[in-house]
Amino acid sequence: RAGEIAEELGVEAYVVGGFVRDLLLARPNLDMDIVIEGDGIAFANRLVQEYGGRVKEHDKFRTAVAILPDGRRIDVATARLEYYEYPAALPTVQLSSIKMDLFRRDFTINALAVRLNPKSFGKLVDFFDAQRDLKDRNIRVLHSLSFVEDPTRIIRAIRFEQRFGFRIGGQTERLIKNAVQMQFFQRLTGSRIFNEFKLLCEEKNASRCIVRLEEFKLLGQLHPGLELNAKKIGLLEKIDEVLDWYRLLFLPEPEPDPWMIYLLGLCSEMNDAEVADLTDRLNFSKRDQREFLSLRESVSTAFNRIGGWISRSGPLSELCLAIETLPAEGLLYLMARSTREEVRKGISLYLTRLRDEGIAITGQDLRRLGLTPGPAYGEILRIVRAARIDGQAEAREEQLALARR
Ligand code: CTP
């Protein structure tokens, strides 16, 4: 229908970018980007007239987002006929507007389009031999100044390479090395680097992406303390595994932020002052910085307490007590970090069951037992809960009896 709307408005519509790439790779992708040769904002408005929903317009860039009633977002951009004068080294050329729009993008595999207008619906538009790159599993830039224009594309190249099992092509690799050597990366704001780092950590095999960052010497440029060694790589791989496991549980609560876990791993051999330097470089707000440092601290306290638990061969309830204040990110990090099977098992049991399992008695029951309300209540309920975790007070009666004692 989008194509028919375009036809009615007398414009050409294309679906472009990641959606088309994933279509050809037979991978799911629900984010649709549409480019209109004509007025993109008018098109987005017509789209929601037809389907319902609303439009967010960005007049400055002539782009809009159509948010459909089912929550799906369709990004609509306007492509205009322009003279391409930048990068400065190339001669000025006039390109058709869709070709121009695609030429500005990062890699050939992201520069494909599919026509939507009825007369040519479904026709693939491939100006830059992207189909060959998809076949050869190749990440290739569209022009030699791509990383100068936008150094975050270096991280994107790595992300796509690892996600699809592709390889960054020879010339593109040379351009990356050159950009790194010229320290283009240093010109980026911390927030942009951090955003790309977060996206990279969302990938299934983030550890391999991080190893690639190191191969391109980007970690050391960001902070010398980030440089990898075999131990850190092992830890990052364990984090991949633990996150895979956790995702498969499909727990209902908010998902943990993978970046926090990987960053804990990457900073595992740095001191607090170095971590503060790094988070400054990444433009963390003071509050986020404090939160991250405090997470590090609680994780390290819990780690030491777990050490004590192992040497005493303590009961499960003690392990739970050592970890109960940690957020999911901290728990998953500890699972990855621990080499002991009983710790991993204990934390996984805590995450999947014990964390949400209450006890059958409440403060009201304690009052009925004739106990004076006060701080002792908390202590008693904790003891009952510990006994429940250790399998000694499953039933309500047993828990009441224990409280009475
Ligand atoms: N793009 C670019 N340079 C960037 C970021 C984005 O050229 N630094 C272009 C790419 O062509 C990309 C499009 O903008 O296809 C949309 O960006 P984004 O949504 O980030 O990319 P996707 O390819 O959809 O990536 P993902 O699958 O990770 O969502």
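The values are calculated or read from the model by the stated rules, or taken from the named source; none is laboratory data. As the structure is a computational prediction, the values presented were derived from the model and not from experiment. Positions of Cβ are backbone-derived with ideal geometry, glycine not excepted, and every protein chain shown enters the neighbour counts.
So the values come out like this:
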read-out: Conditions (1) part of a helix (DSSP H, G or I); (2) farther than 17 Å from residue 112 by Cβ; (3) within 16 Å of the ligand (Cβ to nearest atom): number failed by residue 48; value: (3)
read-out: Failed item, numbered, when residue 13 is tested on (1) under 17 Å from residue 102 (Cβ atoms); (2) within 16 Å of the ligand (Cβ to nearest atom); value: (2)
read-out: Any chance residue 55 is free of Cβ contacts under 8 Å to residues at least 24 places away in the same chain, more than 16 Å from the ligand (Cβ to nearest atom) and either at positive phi or buried (at least 18 other Cβ atoms within 10 Å of the Cβ) (or both); value: yes
read-out: In the stretch 18-37, the residues that are assigned to a helix (DSSP H, G or I), hydrophobic (A, V, I, L, M, F, W, C) and near the ligand (Cβ under 10 Å from one of its atoms); value: 19, 20
read-out: Members of the stretch 164-187 that are within 15 Å of the ligand (Cβ to nearest atom), part of a helix (DSSP H, G or I) and surrounded by 18 or more Cβ atoms within 10 Å (Cβ to Cβ); value: 172, 175, 176, 179, 185
read-out: Single condition residue 339 does not satisfy, out of (1) outside any helix (DSSP H, G or I); (2) closer than 30 Å to residue 236 by Cα; (3) modelled with pLDDT under 85; value: (3)
read-out: Which listed residue, of 190, 220, is surrounded by fewer than 17 Cβ atoms within 10 Å (Cβ to Cβ) and without any contact (Cβ under 8 Å) to a residue 24 or more places away in the chain; value: 220
read-out: Residue in the stretch 1-10 that is nearest to the ligand (Cβ to nearest atom), counting only those that are in contact with a strand residue (DSSP E or B) (Cβ under 8 Å, 6 or more places away or on another chain) and not β-branched (Val, Ile, Thr); value: 2
read-out: Residue among 253, 203, 196, 215 that is of a type in the set (Asp, Glu), loosely packed, with under 15 Cβ neighbours inside 10 Å and under 30 Å from residue 145 (Cα atoms); value: 215
read-out: Options 310, 306, 261: the member that is buried (at least 17 other Cβ atoms within 10 Å of the Cβ), within 27 Å of residue 384 (Cβ to Cβ) and touching a helix residue (DSSP H, G or I) at 6+ places or on another chain (Cβ under 8 Å); value: 306
read-out: Selected residue (only one of 321, 326 is over 24 Å from residue 259 (Cβ atoms) and modelled with pLDDT under 95); value: 321
read-out: Number of positions in the stretch 141-174 that are of a type outside the set (D, E, K, R) and free of Cβ contacts under 8 Å to residues at least 12 places away in the same chain; value: 1
